[in-house]
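Structure first, commentary second.
The values are calculated or read from the model by the stated rules, or taken from the named source; none is laboratory data. Since this is a predicted model, take the numbers as computed values, not measurements. We place every Cβ from the backbone using ideal geometry, glycine too, and count neighbours over all the protein chains shown. The area values use the complete protein model at the heavy-atom level, side chains included, leaving out ligands, DNA and RNA. Shrake-Rupley method; radii C 1.70, N 1.55, O 1.52, S 1.80 Å.
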Amino acid sequence: LIILGEDFYIYAEDPVNDSHVTANWPGMGHILGLLTFWAAESVGLAFLRWFLSVLAVIGGVFIGRLLLVRVLRQRWHLMVFEGCEGALCTVSATTCMTLMVASLIYNLFVPEGAKLLGGYSMELLHLFGAKSLQYRYVNKVFQTLSGSVDILAIVMIIDTVLQDTRVFPNWLPCLKRAWMGGGGYVRVVAAWVIVLASCSTLGVLVFSTGTDAGSIQWTTTTLGGTSEFVRSMLAAWIVLTDLLTVAQDWDFPMFEEPLEVEVPVKIAGTFSSSVRCDCIGKIIQKLPKLSLPSCIESVMPSFADLHLSINGKWLTYGPLLGVMVIDLCCAKSQLFYDPVDYGQYVDPADSRIYVIVDEAYLAEAYEDGVVVKPEMI
């Protein structure tokens with residue numbers, strides 16, 4: 001709840017959320033642009049994006065497994081990376097890097113006159129409700145995503161605590177019995193109702209904010225009016241709170257329950273203690289077998305054992321670790337905030353920040369979200 005409150009406060013205070021300039025985040029924009037292959041200017045470029053995306057994912061999985069097995073497990077003996085969950089973390093990181101490299105390779109083959117991939121290539125966010133790629137709309141998507149993950153983590157942590165019979169078995173026994181009542185259907189239905197209702201309400205509220213008439217606006221000067229230093233410290237505190245939320249778990253950092261637990265903790269909204277998927281390995285086994293060099297086959301996974309298995313703790317904290325990346329980007333934008341970069345200027349009399357809303361004027365001063373004529377601001 002503290003994280004959720006902090007997120008909304010910094011969202012209300014951040015002047016970037018009112019900017020009419022095109023959002024530009026190098027790295028993130030490159031990857032999202034490559035994955036949005038249907039937004040390419042021609043069928044040929046769309047196929048090139050798709051082909052490079054597939055190669056990048058395969059390469060990311062291959063490099064991630066090599067790093068996981070040869071370095072993290074065999075050489076460094078890091079137990080936290082044991083199991084399917086540790087493999088997913090490693091492979092996700094390496095796949096992001098290979099997708100970034102693939103986007104740069106794509107730019108080498110783009111014909112003259114076609115749009116290159118860059119920090120502004122975030123057309124994928126249109127699918128999530130962004131009216132345009134301006135900061136004021138893009139940040140609404142990320143705020144909704146961050147808040148929804150926070151709500152999901154809150155519900156899953158509460159569900160875990162109310163299922164506990166091992167650490168604090170005598171804490172709120174009546175509430176625990178009620179939560180586990182009806183053969184477990186009370187906790188399952190309650191979890192779905194709370195998550196869906198809360199996330200829907202959050203999305204409606206966030207997308208109703210803005211400076212237009214009838215929009216929800218933050219105008220208080222009692223709690224508002226913070227400087228970029230205060231906002232930077234608040235963003236850093238949000239990241240620290242995220243880390244503390246993950247680290248306070250009883251089974252951190254392995255997130256594996258002891259073997260003596262008779263009834264394992266189930267995932268919120270389900271009757272299962274883990275999510276398992278074996279269909280990927282079964283599909284690959286039915287494909288024609290390719291003859292690969294022995295050096296490659298030695299590091300490739302066994303397709304017979306290829307499956308996806310994630311326990312409840314990783315489903316709770318895994319997305320929260322991903323949100324930390326968004327929070328770190330927020331902290332970076334606050335720390336290096338310059339009004340000129342966002343089509344804004346400061347009144348020297350009272351240090352208030354004013355936003356330029358003339359988009360035709362901004363189009364002359366900015367190119368793809370980067371200021372090219374700072375003297376106009």
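Quick look at the values:
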| read-out | value |
| --- | --- |
| Looking only at segment 220-259, and only at residues there that are polar (S, T, N, Q) and modelled with pLDDT of 80 or more, the one that is nearest to the chain's Cα centre (by Cα) | Thr241 |
| Failed condition for Gln217, given (1) within 16 Å of Tyr9 (Cα to Cα); (2) in contact (Cβ under 8 Å) with a residue 60 or more places away in the chain | (2) |
| Segment 300-319, residues that are at pLDDT 70 or above, surrounded by fewer than 21 Cβ atoms within 10 Å (Cβ to Cβ) and in a helix (DSSP H, G or I) | Leu315, Gly318, Pro319 |
| Residue in segment 29-51 that is out of contact with any helix residue (DSSP H, G or I) (no Cβ under 8 Å at 6 or more places or on another chain), surrounded by 20 or more Cβ atoms within 10 Å (Cβ to Cβ) and not charged (D, E, K, R) present | yes |
| Selected residue (criterion: nearest to Gly29 (Cα to Cα)) from residues of segment 329-370 that are in contact with a helix residue (DSSP H, G or I) (Cβ under 6 Å, 6 or more places away or on another chain) and either open to solvent by 30 Å² or more (accessible area, probe 1.4 Å) or among the basic types (Lys, Arg) (or both) | Cys330 |
| Filter result for the condition that a residue is out of contact with any strand residue (DSSP E or B) (no Cβ under 7 Å at 6 or more places or on another chain), basic (Lys, Arg) and crowded, with 19+ Cβ neighbours inside 10 Å, over Arg187, Arg177 | Arg187 |
| Unmet criterion (only one of (1) of a type in the set (A, V, I, L, M, F, W, C); (2) over 30 Å from Asp212 (Cα atoms); (3) surrounded by fewer than 18 Cβ atoms within 10 Å (Cβ to Cβ)) for Phe128 | (2) |
| Test set (1) free of Cβ contacts under 8 Å to residues at least 12 places away in the same chain; (2) closer than 23 Å to Pro15 by Cβ; (3) open to solvent by less than 90 Å² (accessible area, probe 1.4 Å) - Ala197 fails condition number | (2) |
| The lone exception for Val91 - which of (1) β-branched (Val, Ile, Thr); (2) open to solvent by less than 20 Å² (accessible area, probe 1.4 Å); (3) modelled with pLDDT under 90; (4) under 17 Å from the mean Cα position of the chain (by Cα) it fails | (2) |
| Per-region count, segment 177-223, residues hydrophobic (A, V, I, L, M, F, W, C) and in a loop (DSSP other than H, G, I, E, B) | 4 |
| Set Val239, Val204: member being over 29 Å from Phe271 (Cβ atoms), hydrophobic (A, V, I, L, M, F, W, C) and open to solvent by less than 30 Å² (accessible area, probe 1.4 Å) | Val239 |
| Filtered residue count, segment 141-174, keeping only those that are touching a residue at least 40 places away in the same chain (Cβ under 8 Å) and surrounded by 17 or more Cβ atoms within 10 Å (Cβ to Cβ) | 19 |
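Here is a yes/no grid of residues against (1) of a type in the set (Ser, Thr, Tyr); (2) at pLDDT below 90:
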site: Ser53; (1), (2): yes, no
site: Phe62; (1), (2): no, yes
site: Val69; (1), (2): no, yes
site: Met79; (1), (2): no, yes
site: Gly83; (1), (2): no, yes
site: Gly86; (1), (2): no, yes
site: Gly118; (1), (2): no, no
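Matching residues to (1) in contact (Cβ under 8 Å) with a residue 60 or more places away in the chain; (2) open to solvent by 30 Å² or more (accessible area, probe 1.4 Å):
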site	(1), (2)
Arg65	yes, yes
Val71	no, yes
Thr98	no, no
Phe109	yes, yes
Ser121	yes, no
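Okay, residues lined up against (1) at pLDDT 90 or above; (2) touching a helix residue (DSSP H, G or I) at 6+ places or on another chain (Cβ under 6 Å); (3) farther than 30 Å from Ala12 by Cβ:
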{"residue": "Leu66", "(1), (2), (3)": "no, no, yes"}
{"residue": "Asn107", "(1), (2), (3)": "yes, no, yes"}
{"residue": "Val155", "(1), (2), (3)": "no, yes, no"}
{"residue": "Ile158", "(1), (2), (3)": "no, no, no"}
